[in-house]
Amino acid sequence: SVVAVALRTELRAAPPSARIVEFKNGCIATESGVVESDEVSKSRKALEGKVAVVIGGASGIGRATALRFAAEGAHVAVVDLNAERAEGVAVEIGGDRGFGVAANAEDSASIENAISEAVLRFGGVDVLFYSAGVAPVLHSVAEMPDEEVERQLRVHYLGAVAATRAASQVMLAQGQGG
């Protein structure tokens, strides 16, 4: 008989003698080799040659996402307020597949500029990932100053809207997305 190994929604046949030794990155490693789901395989192919813009890409979730997108084949514009750290992530990506660019998420013109630089460097935009953020200054609700609330809104909401608008305009001009 054949043992089926389930990965997300895909089933792949593995020999009955296969013993799972590791599960990592959506793949199962057996003693006789790696059994990979078609879903994982398709996702890798889906990013080959694509251009991803990762805003807030110099640290945390943004950095991890930029590196993962690159590992999946994308060219990545790493956008962050900290230009040096953005460039550091681009160096980690390696080759000509990544570059760092400074932008301030509180300034829509700065965000638009970063999207434009991605288009000039890589020829378009296929993926936008927005993870820019600022840690809140902790206050009780009764003492929270309007300036703090407004800064949080500028970075987390208005910055995301500006990035989505700029990337959508590029995607629509490319005849996709938006």
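Phi angles across segment 110-124 convert, under the Karplus curve 6.51 cos²θ - 1.76 cosθ + 1.60 with θ = phi - 60°, into 3J(HN,Hα) values of 5, 5, 4, 4, 5, 5, 4, 5, 5, 5, 5, 6, 10, x, x Hz, Gly and Pro given as x.
The packing ranking of peptides 139-145, 96-102, highest mean first, is 96-102, 139-145, where packing means the average number of other beta carbon atoms within 10 angstrom of each residue. Near the amide H of LEU128, within less than 5 Å, lie the amide hydrogens of VAL53, all on another chain or at least 5 residues away, with H placed in the peptide plane. In the calculated pair distance distribution of segment 63-178, what percentage of Cα-Cα distances lie above 25 Å? Tail of P(r) above 25 Å: 26 percent of Cα pairs.
The convex hull defined by the C-alpha atoms of segment 45-112 has an orientation-averaged projected area of 4.2 nm². For segment 161-167, 3J(HN,Hα) computed residue by residue from phi via the Karplus equation (6.51, -1.76, 1.60; θ = phi - 60°) reads 5, 4, 5, 5, 4, 5, 5 Hz, glycine and proline entered as x. Placing dummy labels 7 Å off each Cα toward the beta-carbon, the span from THR164 to ILE61 is 1.5 nm.
Extending 7 Å from the Cα toward the beta-carbon at both GLU143 and GLN176 defines two label points whose distance is 5.1 nm.
Packing-based ranking of 81-90, 165-174 yields 81-90, 165-174, ordered from highest to lowest mean Cβ neighbour count within 10 Å.
3J(HN,Hα) couplings calculated from phi for segment 127-137 with the Karplus curve 6.51 cos²θ - 1.76 cosθ + 1.60 (θ = phi - 60°) are, in sequence order, 9, 10, 10, 10, 9, 5, x, 10, 5, x, 7 Hz; Gly and Pro show x.
Quick note: the coordinates plus some simple rules give every number you see, no bench work behind them. Please read all numbers here as calculations on a predicted model, not as lab measurements. Note: ideal-geometry Cβ built from the backbone for every residue, glycine included; neighbour counts use all protein chains shown.
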